[in-house]
1. For S576, only one of the following conditions fails: (1) in contact with a Ser or Thr (Cβ under 7 Å, 6 or more places away or on another chain); (2) at negative phi. What is its number?
2. For the stretch 727-779, which positions are over 31 Å from the mean Cα position of the chain (by Cα), under 24 Å from C561 (Cβ atoms) and either basic (K, R) or not in a loop (DSSP other than H, G, I, E, B) (or both)?
3. Being surrounded by fewer than 21 Cβ atoms within 10 Å (Cβ to Cβ), at pLDDT below 95 and aliphatic (A, V, I, L, M) is the filter here, so list the residues in the stretch 414-435 that pass it.
4. Under the condition of being under 21 Å from L590 (Cβ atoms) and touching a residue at least 40 places away in the same chain (Cβ under 8 Å), which residue from the stretch 459-488 is farthest from the ligand (Cβ to nearest atom)?
5. What number of residues within the stretch 373-421 are among the aromatic types (F, W, Y) and more than 14 Å from the ligand (Cβ to nearest atom)?
6. Can you find even one residue in the stretch 541-553 that is assigned to a loop (DSSP other than H, G, I, E, B), away from the ligand (no atom under 12 Å from the Cβ) and of a type in the set (A, V, I, L, M)?
7. Go through I411, I446, I438 for me and flag whichever is aliphatic (A, V, I, L, M) and at pLDDT 95 or above.
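The values are calculated or read from the model by the stated rules, or taken from the named source; none is laboratory data. These numbers come from a predicted model, not from an experiment. Note that we place each Cβ from the backbone using ideal geometry, even for glycine, and neighbour counts take in every protein chain shown.
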Amino acid sequence: MDELLEIFLKERKSRQILIANYEKWLNNIEQMRSEKLQHLISTNNFGYRQNIQNTIKPELNNRISIANLEVDKVHTGKFLLCQVISRCVKMSPLFTLVEDPEGDVERIALYNWAEQSAIPVKDRKKVLSIGEASKFLPVGTKLVIKNPYYQTASSFDAIISPDGPSISNDFDVIIRSDNPNDIIVINKYDDLLNNIKWFRNLNQEKEIINKKSVYDKILSADDFRQSGNKYFVSNDFVAACDEYSNGIELDSLNVTLLANRAEAYLRLNQFDKALNDVEIALKHEPDHLKAAFRKGKALCGLKRYQEAIITLKDLDLKMQISTDSSISSIKQSTKILLKHAEMLDSESRYGKYDYIKIIDEFCEKVKLNQDSDNWVCETGPRLDHADFLIDDIEIRPVKKKGRGWVSKRDIPEGTLLMVSKAFEVVYGNEAPLSYRSIDFTSKTMITATHSELTTRIAQRLIAEPDLCQEVYKLYAGPETENLRKDLLYSVDVRRIEKIVKYNYFETRDQWDVIKHTKENSRLTKDPGAGLWILPSYFNHSCVDTNVEQLIIGNMMFIRSCRPILSGEELILSYCSRMDTYEERSNSLRLHGIKNCSCRLCSLERSESKKIKLRQADILETYGNSLGPQLKSSLFSANFNPSIIKELIKLIDELKDLRKEHPDLEFKSFEIKSDLAAAYVRAGNLRQSLPVAKELYEFVKNARLSQFSSNAAYQVASRYARLNQMKEAKEWWDVALKELVEPIRGKFNEGGTNWRKEAVYLAEKLSPKMVSGARNKDLL
Ligand SMILES: C[S@@+](CC[C@H](N)C(=O)[O-])C[C@H]1O[C@@H](n2cnc3c(N)ncnc32)[C@H](O)[C@@H]1O
């Protein structure tokens, strides 16, 4: 990796090589069939309408040339003056090649710049032909790119390879911009160009796509309304907003246009803007039912649930008096939305969640199309529930760790502390595989999912700059400078990249809800990642954690997993304690933790070389010889029972090596579960029972909650096979609770009604386990 960085840091490729490479790449793309390029398309169809060009003129003394760009840096306050010298390719970003007046050449990636509405609806999910894409920036176009970010990213060839680039090669540098307001197309008569001499004299070849020219004939606000409606029904809400806005420009108090645009904003989750529109509409037409209904929706989106309830109750009352039969549908929708608002209100105020409903919604939304890896429900498993924060915890400075969550009072085990909806989340099947980059400071690759997550966060901030503050407050690494006050509301993609790097959570499916098949292998390959704002303030420890997070779709639930004392820091784990020290250290380094000081890491650092070598030896014997030997013989005739003794020997030795710290002995876990299976295979169920119980105790003590339900179920199954049904059922109850309690909290002691709810949830989350239990007469 270091060599790779050195190559980048050396001189940039010459102008001739860059041009030749780019042209070769264009030719390759032109020759590829479009279906071969499908992996380049993200499911993210954000489009952006540029504001009328910036009135603030860039000052020539802030111009930076390509030769002076530094890698891994946003050149804040500077701008690059350049002209387009080749054709464009439109993937997630719009790619093209530019040269500056000095004649230096570089490729650029403009995100969010090409207007969705300028692309025909039928082509939006395709890679556009080069001819079509080039209409966005014809050869000869003069551009100002403000705050240019020079980034290491996938090389051209790697982008079109179906698997994307690999870590070892295939990287290049690129100028990136995510904020469309940072790109200015310069008119050839612009003063800025007065004393500029270009290396090559290129005139702009064609007109740039300009939506207004397409609609020259449209004159009335109503024409824009109709055109907006067309976009709306084709689910292109960005273009619909554009059209309604054009209409509103002509007729600023057109209530229908305002109400329609509000609905389009609602679909884009831009609740502030939606509320603004309906409030103007309602001022002029207080009885506009749809506007009032949308006001309720916008207030829910803005988490102003009480106001939403009042608005919807008023509306409901108004409609009850009315005898107009044409409003029956909105009447019904209002009742449903009112109920939803009341639910959100109770969730956010009291932390009362209907877990059955949530799991039902999740299981419904998590379905994938049979023949593709797209979600059946277009939004994927994104749920609409409220955030909650218990009053008993707060963010405080924590020694050597920056900030962290600390308890203000004693908190019992199993308490729901926080529920947080993802700020943004990207599932493994949603990221285009093509576009990755390198984080220079940690020398690691930014995966396609992280790259897509960054892009989506940037898009959300472009649409709602007020949200910048809460995102930019998050930890962005030791090397990231404080954000300048004047840039607090601007989109800084490099900072967002860092924030994602240090604060992301993976979105693994922890139950068997998503069926991993070959078709949806992208979900399996890449678990997906999300940014959750308040949970980002939890610090890490490999062991001795006191809180646990559970992700259902885009909702994160955080509970205490043991009693917590007032003043204690709340800690969760960023990695698995079952991993080796090296594996954990690598993954912690990515999270910005160099030397974890938890009990496990401290112990493993202090253990003698001799102990470490012996542990490694044992694990190697197991991993390379005994483990595979057992797995291949478990279901065949050549099972040799003597393997049992050997497994016991390894387990005993591992235990002995950690005898001073038995609770930190995690390495024998897998061997123990093999031992339990070997006893069963040898027909010795009785002997397998204590091992299975020990495994359960082990995962319980180690707080490996993802394994504890299955561990308890294994004990239940063995009792069932021994016909000890009383014990079997008791253990089945344990398995059920272990599966369900991390989600819904502890059941009341002594009650019996709990089983119905638990079985209902278990059937959804772990259908295989429930059908197994049913076959064994456990329920
Ligand atoms: C997700 S943030 C946690 C919140 C962070 N402490 C803050 O001030 O915003 C992750 C960062 O917190 C710090 N951190 C978390 N756990 C730590 C630990 N066990 N030891 C040292 N630093 C830790 C590291 O700087 C890490 O990159």
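1. Of everything listed in (1) in contact with a Ser or Thr (Cβ under 7 Å, 6 or more places away or on another chain); (2) at negative phi, S576 misses just condition (1).
2. The initial filter retains those residues of the stretch 727-779 that are over 31 Å from the mean Cα position of the chain (by Cα), namely 727-734, 747-756, 771-779.
Now drop any that are not under 24 Å from C561 (Cβ atoms), which leaves 730-734, 747-751, 754-755.
E730, W731, W732, D733, V734, W754, R755 - these are the residues of the stretch 727-779 that are over 31 Å from the mean Cα position of the chain (by Cα), under 24 Å from C561 (Cβ atoms) and either basic (K, R) or not in a loop (DSSP other than H, G, I, E, B) (or both).
3. Selection gives nothing.
4. If we take residues in the stretch 459-488 being under 21 Å from L590 (Cβ atoms) and touching a residue at least 40 places away in the same chain (Cβ under 8 Å), then V471 is farthest from the ligand (Cβ to nearest atom).
5. So in the stretch 373-421, the residues among the aromatic types (F, W, Y) come out as 375, 388, 405.
Filter again for more than 14 Å from the ligand (Cβ to nearest atom), leaving 375, 388.
The total comes to 2.
6. Keep residues of the stretch 541-553 that are assigned to a loop (DSSP other than H, G, I, E, B), which gives 541-546, 553.
Subset that is away from the ligand (no atom under 12 Å from the Cβ): 546, 553.
Of the ones still in play, those that are also of a type in the set (A, V, I, L, M) are none.
Within the stretch 541-553 (the criterion being assigned to a loop (DSSP other than H, G, I, E, B), away from the ligand (no atom under 12 Å from the Cβ) and of a type in the set (A, V, I, L, M)), the answer is no, since none of the residues qualifies.
7. Working: I446 fails: at pLDDT 95 or above; I438 fails: at pLDDT 95 or above.
After applying the criteria, what remains is I411.
For every residue, the table says whether it meets (1) modelled with pLDDT of 95 or more; (2) of a type outside the set (A, V, I, L, M, F, W, C); (3) outside any helix (DSSP H, G or I); (4) buried (at least 19 other Cβ atoms within 10 Å of the Cβ).
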| site | (1), (2), (3), (4) |
| --- | --- |
| Q306 | yes, yes, no, no |
| Q320 | no, yes, no, no |
| K335 | yes, yes, no, no |
| R349 | yes, yes, no, no |
| I358 | yes, no, no, yes |
| E364 | no, yes, no, no |
